[in-house]
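A short worksheet on the structure shown next.
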Amino acid sequence: MNNQNNVTEFILLGLSQNKQVQILCFLIFLFCYILILMGNFTVIISITCSHLIGQPMYFFLTYLSLMDVCYTSTVTPKLISDMLAERKIISYTNCMIQLFTVHFFGGVEVFILTGMAYDRYVAICKPLQYMAIMNRDRCNALVLAACSGGFLHSFAQFLLAALLPFCGPNEIDHYFCDMYPLLKLACTDTYRFGLLVIANSGMIALVVFMVLITSYAVILYTIRLHSSESRQKALSTCGSHITVVVLFFGPSLFIYIRPATTFKEDKVFALFYTIIAPMFNPLIYTLKNSEMKNAMKKLWNRNRFKESKQMF
């Protein structure tokens, strides 16, 4: 293999080359990014400043919102600024950093979703043992395991990308650095690299997705014997989780479970798990959740009370 690397920077082709479309996308994605930050930080602050932080489900939701902010922040600010730039350039080093951070935060989010599914399984299928099983030490261990899993996944991706030789061209047909667009530019046979990407990203996403779907199927089977009120509450909670899982895993599986090829549609599908899912997650978890809405109202009223006291 030729390990020579003559490329010091990459040119991102972005979503469109049309200037008017770029300006429109700039406004749309800037608005989306503001909503992502406001929504997720509202969830984080509302939970951490209330009694909900003591409940495992909301403990995991805090970390999920934090990962959403970190995950989208590795991609979206660059995407927004590039909309107004004449040449969308990213250095080789920054490209490798972006690749690592995208897969790290994305991997942590995937495993946190798994922890949330496990929490709901224990709560519904083993309610009498719930507090003993899902104690704070167990929750902290699950978050630590999620971070470790995300790091191993992202380090493997980074290592594969670092081994690729680039000798030109240097135009990435995407709006951020990812493995398949980079494989397309590498000046070597990338067949084995593609298989390793599938084994890493694709199979992890597929296995976790199947585990999540199986756990929710078991939950739905179990609650058929519960009262109608319990069934409604469980369905509401699980429905929120399933919606988040489908939004995140559907496009991810489309991109990473196939052989190392790129399609024009990849950029559109990537928007779902880099921008759309982080934007809708706070809404999905709060719209039908009375506890979250009450926590947010108390926080809002507390802030208004403090402001009124300062005025007088």
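Taking the alpha carbon gyration tensor of the chain, multiplying each eigenvalue by 5 and rooting it gives semi-axes of 37, 25, 16 Å, largest first. For Glu171, nonlocal amide neighbours, meaning residues 5 or more places apart or on other chains whose placed amide H falls under 5 Å from its own, are Ile11.
The Cα trace of the range 43-102 gives Rg and Dmax of 16.4, 49 Å, the first to one decimal, the second as a whole number.
Whole-Hz Karplus values for the range 88-93 come out as 8, 9, 9, 5, 4, 4 Hz, taken residue by residue from phi with 6.51 cos²θ - 1.76 cosθ + 1.60 and θ = phi - 60°; glycine and proline positions read x. Over the Cα atoms of the range 11-133, the radius of gyration divided by the Kirkwood radius equals 1.12; this is the Rg/Rh ratio.
In the chain, the portion of solvent-accessible area held by carbon and sulfur atoms comes to 67 percent [1.4 Å probe, whole percent, DNA, RNA and ligands not counted]. What base-10 log of the normalised intensity I(q)/I(0) is obtained for the range 183-272 from the Debye formula, alpha carbons as equal point scatterers, at q = 0.10, 0.16 Å⁻¹? With one equal scatterer per Cα and no solvent, log10 I(q)/I(0) is -0.39, -0.74. Under 5 Å from the amide H of Ile89 lie the amide H atoms of Leu12, each residue being 5 or more positions distant or on a separate chain, with H modelled from the backbone and absent for Pro and chain starts. Listed values for the range 115-122 are Karplus-derived 3J(HN,Hα) couplings in whole Hz (6.51 cos²θ - 1.76 cosθ + 1.60, θ = phi - 60°), namely x, 5, 5, 4, 4, 5, 4, 5, and x replaces Gly and Pro.
With an 8 Å Cα cut-off and a minimum separation of 6 or more residues, compute the relative contact order for the chain in percent.
After rounding, I find 26 percent.
Normalised per residue, the accessible area of the chain is 50 Å², obtained with a 1.4 Å probe and no contribution from ligands, DNA or RNA. 3J(HN,Hα) along the range 278-285: x, 6, 8, 3, x, 5, 4, 8 Hz, from the Karplus curve 6.51 cos²θ - 1.76 cosθ + 1.60 with θ = phi - 60°, whole Hz, x for Gly and Pro. Compute the relative contact order of the range 110-233 as a whole-number percentage, counting only Cα pairs closer than 8 Å that sit 6 or more residues apart in sequence. Once divided by the residue count of the range 110-233, the mean separation gives 33 percent. For the range 45-203, the direction-averaged projected area of the alpha-carbon convex hull comes to 11.4 nm².
The values are calculated or read from the model by the stated rules, or taken from the named source; none is laboratory data. Here the structure is a predicted model, which means the values were calculated and not measured. The area values use the complete protein model at the heavy-atom level, side chains included, leaving out ligands, DNA and RNA. Shrake-Rupley method; radii C 1.70, N 1.55, O 1.52, S 1.80 Å.
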